[in-house]
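Chemist: I am attaching a structure below and will ask some questions about it afterwards.
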Amino acid sequence: MSLSLRFLGTSASRPTVERNVTSIAIVREGETLLVDCGEGTQRQMMRYGISFTLGDILFTHYHTDHVLGVIGLLRTMQLQGRTTPLRLWGARGLGRFMQRAEALCGERWGFPVEANELDPGATIARTGYEIRPFAVDHRGARALGYALVEQTRLGRFHPDLARAHGIPEGPLWGRLHRGEPITLDDGRVIDAATLVGPSRPGRRVVISGDGRPGDETVAAAAGADLLVHEATFGDEEAARAIETGHSTAREAATVAERAGVRRLVLTHFSARYTRDAAELETQALEVFPHVTCARDGLEIEVPFPVQTEEVGAER
Ligand SMILES: [Zn+2]
Ligand SMILES: [Zn+2]
């Protein structure tokens with residue numbers, strides 16, 4: 001089950017020659033979701049091979065560097081003859097924003113566009129995972145971060161052991177895999193733990209959006225496989241970060257450290273930082289060891305945690 005993120009834009013506020021404004025594509029087993037859609041996102045999608053058949057766009061907030069691209073993207077979808085619905089998600093205000101966007105285009109999109117307004121604590125249920133928005137403190141905006149949380153997977157089923165126990169292939173295998181004990185025709189009772197490994201946790205990916213480092217982000221990211229946190233500024237602009245409702249790289253690393261995540265990716269850099277944002281990475285590394293500064297086009301795979309498995313062990 002593949003899960004990866006593609007950074008389509010990594011610049012704060014305005015694009016630079018090397019960085020577009022914010023958008024992140026999440027690709028999970030062929031399904032694509034966008035988080036934010038800054039101006040020019042559709043060209044970045046073409047450049048980096050992100051499908052226009054995507055079904056969902058999640059907005060962290062409605063500052064222009066996160067939303068302006070949606071108008072052009074929807075217009076292109078319309079020209080492509082799209083008929084399938086597009087689901088938009090974001091905090092309150094999304095419906096009004098989309099009405100204005102539609103008015104600007106002077107016509108309807110030609111395919112259903114759902115604007116779903118969310119409160120922190122809501123859950124978007126999907127097949128195999130869910131998306132949980134959480135509150136982020138960003139200059140009084142109703143800003144949301146998003147946690148993508150996969151369901152726990154069934155333990156690994158061992159057909160060789162099932163055969164060795166003389167269990168016929170068929171419905172009994174399915175019941176064992178789901179953790180149910182079975183009784184064979186000869187009266188033997190087989191406990192699932194004897195031939196099914198322990199259940200395996202799903203992955204958790206958390207995207208902060210714009211904002212100050214916060215307890216809600218720490219809670220949402222607890223034990224996450226990947227935290228994507230904004231790092232608009234470096235240490236020398238710490239006061240400015242507070243003033244503008246953003247985070248420094250060091251503050252983002254502190255969130256990662258407190259939450260105990262496996263990996264931190266920084267993004268949303270002020271235009272003053274160089275292409276590789278090396279100084280921001282250095283500052284974050286002083287707090288947390290597993291840091292990457294995103295650049296446009298960067299793809300981050302999210303593997304399952306390595307799990308040692310003992311069949312028949314305590315679960
Ligand atoms: Zn922004
Ligand atoms: Zn913002």
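Chemist: With the full set of protein chains in place, find how many percent of the accessible area of region 1-103 is carbon and sulfur; take the probe as 1.4 Å. List each step's numbers first, then the result.
Modeler: Numbers: 2110 of 4150 Å².
The C+S portion of the solvent-accessible surface of region 1-103 is 51 percent.
Chemist: Still on this model: What net charge do the residues around residue 150 carry, taking every other residue with its C-beta under 13 Å from that of residue 150, with Lys and Arg at +1 and Asp and Glu at -1? Let's see the in-between values first.
Modeler: Values: positive: 28, 126, 132, 153, 200, 203, 204; negative: 29, 31, 130, 225.
With Lys, Arg at +1 and Asp, Glu at -1, the net is +3.
Chemist: Return one whole number: the accessible area per residue of the chain in Å², for a 1.4 Å probe. Spell out each step's value before the answer.
Modeler: Numbers: 14420 Å² over 315 residues.
Heavy-atom SASA per residue in the chain reads 46 Å².
Chemist: Would you please give the FRET efficiency between residue 102 and residue 275, computed as 1/(1 + (r/R0)^6) with r the Cβ-Cβ distance and R0 = 41 Å, to the nearest 0.05?
Modeler: On the way: r = 37 Å, r/R0 = 0.90.
Taking R0 as 41 Å, the efficiency between residue 102 and residue 275 is 0.65.
Chemist: Counting Lys and Arg as +1 and Asp and Glu as -1, what is the net charge of the other residues whose Cβ lies under 11 Å from the Cβ of residue 297? Display every interim value, and only then the final one.
Modeler: Numbers: positive: 6, 19, 47, 295; negative: 18, 296, 299.
So the surrounding residues net to +1.
Chemist: Among rounded, prolate and oblate, which fits region 125-256 when a ≥ b ≥ c are the square roots of the eigenvalues of its C-alpha gyration tensor, a/c under 1.5 means rounded, and a/b larger than b/c means prolate? Don't jump to the answer; show the numbers that get you there.
Modeler: Numbers: a/c = 5.64, a/b = 3.82, b/c = 1.48.
Prolate, because a/c is 1.5 or more and a/b exceeds b/c.
Chemist: How high is the relative contact order of the chain, given as a whole-number percent (alpha carbon pairs under 8 Å, six or more residues apart)?
Modeler: Working: 723 pairs, mean separation 53.8, N = 315.
Reported relative contact order: 17 percent.
Chemist: Same structure, new question: How large is the Rg to Rh ratio of region 1-157 when both quantities use alpha carbon positions and Rh follows Kirkwood? Numbers along the way, then the final one.
Modeler: Working: Rg = 15.6 Å, Rh = 16.2 Å.
Value, to two decimals: 0.96.
Chemist: Given a Förster radius of 25 Å and the C-beta distance between residue 51 and residue 126 as r, what FRET efficiency does 1/(1 + (r/R0)^6) yield to the nearest 0.05?
Modeler: Details: r = 17 Å, r/R0 = 0.68.
Step by step, r from the Cβ atoms, then E = 0.90.
Chemist: Where the centre of each part is set by its Cα atoms, how far does region 6-31 sit from region 38-108, in angstrom?
Modeler: 14
Chemist: Given charges of +1 on the Cβ of Lys and Arg and -1 on the Cβ of Asp and Glu, with all other atoms neutral, how large is the dipole of the chain about its Cα centre, in debye to the nearest 20?
Modeler: For the chain, the charge dipole is close to 760 debye.
Chemist: For region 206-243 and region 125-152, compute the distance between their C-alpha centroids and round to whole Å.
Modeler: 14
Chemist: Can you work out the FRET efficiency for the pair residue 185 and residue 163, with r the C-beta to C-beta distance and R0 = 22 Å, to the nearest 0.05?
Modeler: 0.90
The values are calculated or read from the model by the stated rules, or taken from the named source; none is laboratory data. Everything numeric in this text was worked out from a predicted model, so none of it was measured. Heads up, the Cβs are rebuilt from the backbone with ideal geometry, glycines too, and the neighbour counts pull from every protein chain shown. Please note that ligands, DNA and RNA were not included when accessible areas were found on the heavy atoms of the full protein model with its side chains. Shrake-Rupley method; radii C 1.70, N 1.55, O 1.52, S 1.80 Å.
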